[in-house]
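The structure appears below as structure tokens.
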Amino acid sequence: IQPSVQEALMAGRPVVALESTIITHGMAYPQNLSMAREVEEIVTTNGAVPATIGILRGRIHVGLTDEELEFLASSKNVVKVSRRDLPFVLSQGLSGGTTVSGTMIAAHKAGIPVFVTGGIGGVHRGGENSLDVSADLTELGRTPVAVVSAGVKSILDIGRTLEYLETQGVCVAAFGESREFPAFFSSQSGFQAPYHVRDEEEAAELIASALGLGLSSGVLIAVPCPQEQAASGQVIEEAIQQALSEARSKGITGKELTPFMLQKISELTDGKSVDSNLALIQNNARVGSCIAVALSKLQKARRKGNLPRREDTTPPQPVVIGGINVDFIAKAQNPVILGGGQTNAGRVRRTFGGVGRNLADCLSRLGQTPLFLSAMGKDEHSESILHYCHHMDMRAVLQLEWESTATYCAVITSAGELSVGLGDMDIHHQITEQYVSQFKENLCQAPLVCIDGNVPLSTIQYVCQLAREHQLAVCYEPTDENKASKPFLSDSWKALTYISPNLQELRAINRTLGNPLPAGIQYSE
């Protein structure tokens, strides 16, 4: 994931996924490169971060540099990559442009909910005999990403495509005042979409609703082509019929059909279809970016808990900022733990911990349910954590596709002494100042803020600065000897109300402050 895209995702800013098959197979060089740059610029201008997705030398890239765009645009031997092609292309170290299907997969795994394209694939004309149905449709049925397109490519069977989307459980909505389903080059197809959304706010509400339900299917937002391009629709439709006839006579089918059709239609219309194609993509990029911005605002408002009426009825929550851990505790059965790779008899149990999580759990059980700010992966542990913490307010906890949930493994002797501890806790670095600052309003109103030593130094300093400015009560739990001193590396500690160190942590803090050790207490263990 390109750093600018990853930063935007971490901060909850709007990101728009873009496909790359249109670059590699839809247009000739250098027109394809200028189109890709223009579309990214439109996304940026409308307040979102563009993330063009492509495959370079066997790796999926979410967000491309200008050099990477140039490479895909100018390369001759690149693959058109759909779901079925991904394993082979990656295993062989090949490069390729991702289709709607391939792009949806990558966007979902990266945590991007909105994807803009020209037009999606569908049921090919004559598909009732050939069974030639685009993987885009099945992908929409099993991947929860909102696809903003100019409907279905008009070279396809639109009626059967809409029927197939219904079978796949895909929510389809036309964008604007009409339910007329657009046919790519034409705003009218003769078919009605099941629903329509009038503007980007309604579209964002629809997408948020689909995501909130946890459905595994996507949403299709069909945007009609700009009015000024509609006039050429009839000319292009006649060219489509001629190109289809030629494709049939030459026996062109499958993934080769769409590139052939687009090239032939461009020739027959003296380039008018390419101009219309560009205008469609640019319009979709503008609409899709506005939807992504509206969705981001809606999600932020819901995360902050500041939707209308909630503030009027709910007193301010405490806020807890800290780690979530899955702990594996292995206790030996025999007094001596044997080395050399031997298996020792013992009991192994899994518990859910993390100092921040423990604090939030206790407050919840005391009837003071706090807003909990933390981070975990989207992995085999996260569902178990959410189930175990069902009594807690976990809505604001980050769930990151590309990170592992923090885990800790302790091996304990039969006498109860810790023999060795191993921790995989890098995800705690993602509890950043940028993430926490989204909840500034909640922090400033909180009757109590708890923060643990797992949190990055810059985040601790940010919270302490807010505490000074707004006279907040802050409780600091040092977590362990190596993390205890974080607030004491600057004047941040002066904003703390409570601190709960053990003796080792207190020694470390005392050392950091340069204070003499009180009589009777030794530094040595």
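The values are calculated or read from the model by the stated rules, or taken from the named source; none is laboratory data. Bear in mind the structure is a predicted one, so any value in this text is a computation, not a measurement. Virtual Cβ from ideal backbone geometry, glycine too; neighbours counted across all protein chains shown. All accessible areas refer to the heavy atoms of the entire protein, side chains included, with ligands and DNA or RNA removed. Shrake-Rupley method; radii C 1.70, N 1.55, O 1.52, S 1.80 Å.
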Next item on the list: Six or more apart or on different chains, Cβ under 7 Å: which pairs go from a residue in the range 242-253 that's modelled with pLDDT under 85 to one that's small (Gly, Ala, Ser) and part of a helix (DSSP H, G or I)? Could you list them?
Entry: 253/130
Next item on the list: Test residue 205 against the stated conditions and say whether it is modelled with pLDDT under 95 and either out of contact with any Phe, Trp or Tyr (no Cβ under 9 Å at 6 or more places or on another chain) or under 24 Å from residue 141 (Cα atoms) (or both).
Entry: no
Check: Which one is most open to solvent (accessible area, probe 1.4 Å) among residues in the range 184-197 that are modelled with pLDDT under 95 and touching a helix residue (DSSP H, G or I) at 6+ places or on another chain (Cβ under 6 Å)?
Finding: 191
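To keep it simple, each residue is scored yes or no on (1) in a helix (DSSP H, G or I); (2) in contact (Cβ under 8 Å) with a residue 24 or more places away in the chain; (3) buried (at least 20 other Cβ atoms within 10 Å of the Cβ).
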{"residue": "419", "(1), (2), (3)": "no, yes, no"}
{"residue": "422", "(1), (2), (3)": "no, no, no"}
{"residue": "447", "(1), (2), (3)": "no, yes, no"}
{"residue": "451", "(1), (2), (3)": "no, yes, yes"}
{"residue": "460", "(1), (2), (3)": "yes, yes, yes"}
{"residue": "472", "(1), (2), (3)": "no, yes, yes"}
{"residue": "505", "(1), (2), (3)": "yes, yes, yes"}
{"residue": "518", "(1), (2), (3)": "no, no, no"}
Next item on the list: Please enumerate the residues belonging to the range 10-39 that are touching a Gly at 6+ places or on another chain (Cβ under 8 Å) and either among the small types (Gly, Ala, Ser) or within 20 Å of residue 80 (Cα to Cα) (or both).
Entry: 19, 20, 21, 22, 23, 24, 25, 26, 32
Next item on the list: Please indicate, with yes or no, whether at least one residue in the range 64-84 is within 18 Å of residue 18 (Cβ to Cβ), out of contact with any helix residue (DSSP H, G or I) (no Cβ under 8 Å at 6 or more places or on another chain) and β-branched (Val, Ile, Thr).
Entry: yes
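Could you tell me whether any residue of the range 469-484 is among the aromatic types (Phe, Trp, Tyr), closer than 25 Å to residue 354 by Cα and at pLDDT below 95?
Taking the range 469-484 and keeping what is among the aromatic types (Phe, Trp, Tyr), we get 476.
From what is left, the residues that are closer than 25 Å to residue 354 by Cα are 476.
In the following step, the residues that additionally are at pLDDT below 95 were identified as none.
Within the range 469-484, none of the residues are among the aromatic types (Phe, Trp, Tyr), closer than 25 Å to residue 354 by Cα and at pLDDT below 95.
Residues checked against (1) over 32 Å from the mean Cα position of the chain (by Cα); (2) open to solvent by less than 60 Å² (accessible area, probe 1.4 Å):
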{"site": "319", "(1), (2)": "no, yes"}
{"site": "334", "(1), (2)": "yes, no"}
{"site": "355", "(1), (2)": "no, yes"}
{"site": "361", "(1), (2)": "no, yes"}
{"site": "378", "(1), (2)": "no, no"}
{"site": "381", "(1), (2)": "no, yes"}
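Quick one: in the range 82-107, of everything that is of a type in the set (Val, Ile, Thr) and under 21 Å from residue 151 (Cα atoms), which residue is surrounded by the fewest Cβ atoms within 10 Å (Cβ to Cβ)? Talk me through it step by step, then tell me what you get.
Let us first name the residues in the range 82-107 that are of a type in the set (Val, Ile, Thr), namely 89, 98-100, 103, 105.
Applying the additional criterion that residues be under 21 Å from residue 151 (Cα atoms) yields 98-100, 103, 105.
On the way: 98: 32, 99: 29, 100: 26, 103: 33, 105: 21.
That would be 105.
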Checklist line | Close pairs from the range 349-369: first among the small types (Gly, Ala, Ser), partner in a loop (DSSP other than H, G, I, E, B) and surrounded by 14 or more Cβ atoms within 10 Å (Cβ to Cβ), Cβ under 6 Å, at least 6 apart | finding: 354/323; 354/324; 356/322; 356/323; 356/374; 360/370; 360/392; 364/392
Notebook entry, point to check: Taking the stated definitions as given, is residue 257 closer than 23 Å to residue 163 by Cα and surrounded by 15 or more Cβ atoms within 10 Å (Cβ to Cβ)?
Noted result: yes
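Would it be correct to say that residue 200 is over 19 Å from residue 152 (Cβ atoms), open to solvent by 60 Å² or more (accessible area, probe 1.4 Å) and in the same structural domain as residue 291 (by the TED database)?
On the way: over 19 Å from residue 152 (Cβ atoms): yes; open to solvent by 60 Å² or more (accessible area, probe 1.4 Å): no; in the same structural domain as residue 291 (by the TED database): yes.
No; evaluated as a whole, the condition is false for this residue.
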Margin query: Residue under question is residue 403, and the condition is that it be within 20 Å of the chain's Cα centre (by Cα), closer than 22 Å to residue 438 by Cα and assigned to a loop (DSSP other than H, G, I, E, B); does it hold?
Written below: yes
